[in-house]
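Worksheet: one structure, shown below.
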Amino acid sequence: LNCTASVAYCRGVIEDESGYAKEGTLAHEALELWLKFGVPPKDGELYWYLEPTVLWAFELEKRGYTVEYEVKTRYDDRLWGTIDIRAIKGRKLKLRDYKHGYTPVDVRSFQLYCYTICTEKELETQFSDIELSIAQPRLPHVDGPIRSYTLPREKLEWFEEELFTAIRKIDEGEIEFKAGKHCRYCARLGNCRTGLNYM
């Protein structure tokens with residue numbers, strides 16, 4: 001969305017997994033093990049980080065939600081993802097993404113918007129009540145370690161239009177190099193004049 005040229009420019013680039021990424025992978029594996037099989041981590045600190053999200057998921061199950069973990073959802077071959085926790089009850093949808101890192105993640109995350117779009121397409125349901133949440137226990141944040149947002153239908157529809165407009169432009173070759181804060185995470189930053197000039 002920020003830089004339509006980045007899709008083709010970064011295709012095929014293989015990045016080395018950082019130490020932070022490995023930590024995050026291990027934390028997600030521990031979360032999945034606890035949620036699916038009731039096996040909590042032996043590491044006390046990790047237990048403390050994960051417990052609020054586990055208790056939240058179990059509470060939703062008690063309230064009659066169908067709760068799924070590590071859900072692979074897909075719109076089509078270009079738009080898909082894996083949701084940490086997805087809870088559904090009637091036309092109510094709750095999504096939670098667990099973040100183990102220290103980089104602040106906005107709960108109004110386009111990643112979660114995409115998961116919502118994929119879920120609605122997959123289940124052929126338009127949800128009337130959508131709650132998104134981020135659990136980021138290791139980051140001191142003014143809004144706390146767990147942040148929630150009720151996604152209005154009009155906001156989701158606006159995003160969906162923006163998203164598929166960008167996809168259409170990419171498909172038709174109407175791409176543009178556009179610099180911004182997002183450049184920091186680009187796999188091809190070192191080879192991009194637009195991004196380097198911005199940084």
request  = Scan the range 154-180 residue by residue and report those that are basic (K, R) and either under 25 Å from M199 (Cβ atoms) or modelled with pLDDT of 95 or more (or both).
outcome  = K155, K169, K178
key: From R78, R11, R96, residue being within 27 Å of R168 (Cβ to Cβ), in contact (Cβ under 8 Å) with a residue 40 or more places away in the chain and of a type in the set (D, E, K, R)   = R78
key: Scope the range 166-190; condition aromatic (F, W, Y) and without any contact (Cβ under 8 Å) to a residue 12 or more places away in the chain; matching residues   = Y185
ask   = If you take the residues in the range 120-152 that are aliphatic (A, V, I, L, M) and touching a residue at least 60 places away in the same chain (Cβ under 8 Å), which one is farthest from F110 (Cα to Cα)?
value = I146
Test set (1) part of a loop (DSSP other than H, G, I, E, B); (2) buried (at least 17 other Cβ atoms within 10 Å of the Cβ); (3) within 20 Å of the chain's Cα centre (by Cα) - A179 fails condition number = (3)
task = Give the residues of the range 146-160 that are outside any loop (DSSP other than H, G, I, E, B) and open to solvent by less than 60 Å² (accessible area, probe 1.4 Å), sorted by residue number.
result = R147, Y149, R153, L156, F159, E160
ask   = Looking at (1) at pLDDT below 95; (2) open to solvent by less than 30 Å² (accessible area, probe 1.4 Å); (3) out of contact with any helix residue (DSSP H, G or I) (no Cβ under 9 Å at 6 or more places or on another chain), which is the only condition C192 fails?
value = (3)
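The values are calculated or read from the model by the stated rules, or taken from the named source; none is laboratory data. Please read these numbers as outputs of a predicted model, since none were measured by experiment. For neighbour counting, all protein chains shown are included, and Cβ atoms are generated from backbone atoms with ideal geometry for every residue, glycine included. These accessible areas exclude ligands, DNA and RNA; they are computed on the full protein's heavy atoms, side chains included. Shrake-Rupley method; radii C 1.70, N 1.55, O 1.52, S 1.80 Å.
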